[in-house]
Every structure is written in structure tokens, then in C-alpha cells.
Amino acid sequence: MAPHAGGDSSSSSSSSDKYKPQDAVHAALTMGALFGTGGLFLAAVKTSLEKKHVGPWAVFSKHGNIAATFAAVGSVYEFSRIASANLREKNDHYNNAIAGAFGGAVLGLRAGRIPAILGYGAVMSVTSAVFEYTGGRIQGAGRNPDVDEFERKEMLRKRYRRPVEETIAEIGEGRSIKLPGYDERRAQRLKEAYGFEVKPVCADPERA
């Protein structure tokens, strides 16, 4: 009985690790409604900026294509992303690249030209894939919660910190920037430049 139980546990754990299919149609309708609402808001703003007096129905009659385009792009993008994930059984940035290509192509349909369709698709595909690849953040992937923030910053400081000798060699000594033996070197430079000897000032009275 023991081997049988072990086999059941391993099969259940492997099945839990498998990709779980998602409802692409429901997600597409939800995203389409969300994008359509955003497009409708932009159409309303554009209508309010009209110089001529137009009624409230101009949002739909004159600028309704904005809301329709937004809804179509959102629906096609989300449906393509989830359909690709269901077919590949993976959740990664390649799904976003495929979805961006289709969504951008729909956006390019407004221009009615093949170069515009291909161009919008390529730009949206690359942008979406890169955004997903970097963790869905503009600033990059999220930080590891297991790494202490203070230790991470100290590691960055040590990695990019320049040696003080290199900095002083670049900007020169003086102006409150002094390495050990500065007074002796200054006295030697004065002697070489002006021919008189200057006794270095010793800050330590015991050494004096």
C-alpha cells in the first residue's frame, strides 16, 4: 500500500504543477469592456473640446470609433494572450509578444494600410514582451524579498565605489582633500618651485 500511496502523491504534485487553462472568451470580454470604457472617456473629452456646439450623442455618433477601437484592441489582445498560453501551456513573455502583434494589428487597421498594420503590430509586440519580461514594471523586475535592502545597497556601493587614490589623482589634492604625507609633499613642491624650504605643519603634538 505504501508504494501506491507514494505514487498517488507524486502524481497529484505533478498535476498541480501543470498549467491550468483559462477562459479566453470571458477574459477578452472583460478586457474589451475595460478598454472600451477608457475609449469612451477619451471620446467624451474630445467631444467636449469641439469648437462647434454638439450634443451629448456626438460622443457615439462622431467619436464612437475611438471607443470601438479601444474595445477591439483590448479584446483581441487579451484573447490572443490567453489563447497562446492555453496552447503553449506556459505563462511567459512570448504570449504577450503574440498578443501585442494581434492587438497592434487591430490598431493599425484604422489606417487601412499594410505597413501601418505591420508597424503597429511590431511595436506593440516588442513593447508588451519587454514589459512582461522585466516583471511588469517600468523600473525592472521586482526585488528579491529574501535579500536585505541594507545589504543590497552596501553591495552596490562597494561595487561602484572608486578608490580614494584614483579620485584624488584625478581632481588633485587640496581644498580639504589630503592624503597622509600631504604636508611633506607640499613643502617639496614649494621648494622646487620657489627655492625656499617650508617646515611641514605637524598636527600631532607628540610627533612634533
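The values are calculated or read from the model by the stated rules, or taken from the named source; none is laboratory data. This structure is a prediction, so every number in the text was calculated from the model and none was measured. Reconstructed Cβ throughout: ideal geometry from the backbone, glycine too, with neighbour counts over all protein chains shown. Ligands, DNA and RNA are excluded from the accessible area calculation, which covers all protein heavy atoms including side chains. Shrake-Rupley method; radii C 1.70, N 1.55, O 1.52, S 1.80 Å.
What number of residues within the stretch 54-79 satisfy the criterion of being over 24 Å from A129 (Cβ atoms), of a type outside the set (G, A, S) and open to solvent by 40 Å² or more (accessible area, probe 1.4 Å)? So the count comes out to 6. Of all residues in the stretch 23-53, exactly one satisfies the criterion of being β-branched (V, I, T) and open to solvent by less than 50 Å² (accessible area, probe 1.4 Å), namely T47.
For the stretch 97-108, check the following and say yes or no: at least one residue is aromatic (F, W, Y) and open to solvent by less than 50 Å² (accessible area, probe 1.4 Å).
Within the stretch 97-108, none of the residues are aromatic (F, W, Y) and open to solvent by less than 50 Å² (accessible area, probe 1.4 Å).
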